[in-house]
Amino acid sequence: MDTAISNGVWPVMITPFTADNKIDFDGVAEILAWYEKQKVTGIFAVCQSSEMFYLSREERMALAKFVIDNKGKNQGVIVSGHVAESVEDQAAEAREIIEYGVDSYVFISNQFAKKDEGEDVVKKNIENLLSRIPEGKFGIYECPHPYKRLISPELLKWCADTGNFTFLKDTCCNINEIKAKLKAVEGSSLKIYNANAATLLESLKAGAAGYSGVMANFHGDMYEWLCQNFDKDPEKAAVVQDFLGLASVIECQLYPTNAKFHMQLEGLNINLFSRVQDFSGLTSSRQLEVEQLRRSVNYIRQNILTK
């Protein structure tokens, strides 16, 4: 079985909603088409950015299948939705999504054990889950909600040695920790994708496989350019990295609503409705910040990336 997950950019896909609080599948299709125009490598669906904790089981399954069935021609799809309480339900959902044809089913690290439990419990629970899911390729997402459980280099090596894991979305935001994890999985099929913009270039130089983060919902093509060209054009890569790192502070503004607003500016016919926040918090000043970011990105595309 081919276990490779392609290097590059995997946006954490947002979920558009209708005015009556249902998933807007027409909007999902528009976002998928926009990702294809951005030429990102793949899509990470039913994740925290997708508001997975606020989706029913039926919605998670329907969203996963729709994304897999309607993705860009040359794009991959990885899916999470690992929020069910019981191990039985978690395994059942994973099996169903794997049957849809996903490239990897992604577990949430904080679902492996309670906050005060150690990595011995994590290992035991991973083994329990894997025993209930006989086939598939798996990933791990260090999701910050409901609490952040970072995977140690030692535990990551253990995961890699099982032969079942191919993907880690790393959220430690610390280049030294990322380097330690990269060293731990060296030679294995497990690849590390950085979610942090500020450390991205250094992590790519150290061997990270790409980017999987919030900001690919604003300008994924620039992240893709950096992932593909950081070693070919180091001077330009440094300039792009400096911009991406600074621009990423907007994710602290009112995400994911601001990403939906940005997509509206890009011409997508989606609403600002969300199940996690009131879109009225996107004030006129915050809207201006998103508009200014978009203009800056277009300037860099035209005057730096194309020359």
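Quick one: grab the alpha carbon gyration tensor of the stretch 225-283, order the square roots of its eigenvalues as a ≥ b ≥ c, and give me rounded if a/c is under 1.5, else prolate or oblate depending on whether a/b is larger than b/c. Present the calculation step by step, with values, prior to reporting the outcome.
Working: a/c = 3.70, a/b = 2.34, b/c = 1.58.
Judged from the Cα gyration tensor, the stretch 225-283 comes out prolate (a/c at least 1.5, a/b above b/c).
Taking only the Cα atoms of the stretch 59-203, the ratio Rg/Rh comes out at 0.95, with Rh defined as the Kirkwood radius. Averaging the sequence gap over all C-alpha pairs within less than 8 Å and six or more residues apart, then dividing by the number of residues, gives the chain a relative contact order of 20 percent. Could you identify which residue out of 284, 212, 109 has the top mean-square fluctuation in a GNM of the chain using Cα springs shorter than 10 Å? Top of the fluctuation ranking is 284.
Secondary-structure-derived ellipticity at 222 nm for the chain, considering helices only, amounts to -14000 deg cm²/dmol, per-run term -39500 (n - 2.57) for DSSP H runs with n ≥ 4. Within the listed set 119, 291, 85, the residue fluctuating most in the Gaussian network model of the chain (springs between alpha-carbon atoms under 10 angstrom) is 85.
By the count of neighbouring beta-carbon atoms within 10 Å, fewest first, 262, 145, 82 end up ordered 145, 262, 82. Placing +1 on the Cβ of every Lys and Arg and -1 on the Cβ of every Asp and Glu, with no other charges, gives the stretch 8-233 a dipole of roughly 480 debye about its Cα centre.
Inter-part distance, the stretch 1-78 to the stretch 135-207, computed on C-alpha centroids, equals 21 Å. Candidates 105, 145, 178 compared by Cα position along the dipole of the stretch 94-180: farthest toward the positive end lies 145, with charges placed on Cβ.
So which trypsin sites (Lys or Arg not before Pro) in the stretch 154-237 pass both tests, a DSSP loop state and at most 10 other Cβ atoms within 10 Å of the Cβ? Don't skip to the end; give the middle numbers.
Numbers: sites: 157, 169, 179, 181, 183, 191, 205, 232, 236; in loops: 232.
Within the stretch 154-237, the qualifying trypsin sites (Lys or Arg not before Pro) (loop, at most 10 other Cβ atoms within 10 Å) are 232.
Putting +1 on Lys and Arg Cβ atoms and -1 on Asp and Glu Cβ atoms, find which of 244, 40, 156 reaches farthest to the positive end of the dipole of the chain. Looking along the dipole axis, the top candidate is 244.
With a threshold of 28 Å on the Cα-Cα distance, the over-threshold entries among 114/169; 115/169; 65/307; 179/232; 73/181; 22/124 are 65/307; 73/181; 22/124. Farthest towards the positive end of the charge dipole of the stretch 8-233, among the residues 122, 64, 90, is the Cα of 122, using unit charges on the Cβ of Lys, Arg, Asp and Glu.
For the stretch 1-123, the Stokes-Einstein estimate of translational diffusion at 37 °C and a viscosity of 0.692 mPa s comes to 216 µm²/s, using the Kirkwood hydrodynamic radius over alpha-carbon pairs.
Only the coordinates and a few stated rules stand behind these numbers; no lab work does. No experiment lies behind these values; they were computed from the predicted model shown. Every residue, glycine among them, receives a Cβ derived from its backbone with ideal geometry; neighbour counts consider all protein chains shown.
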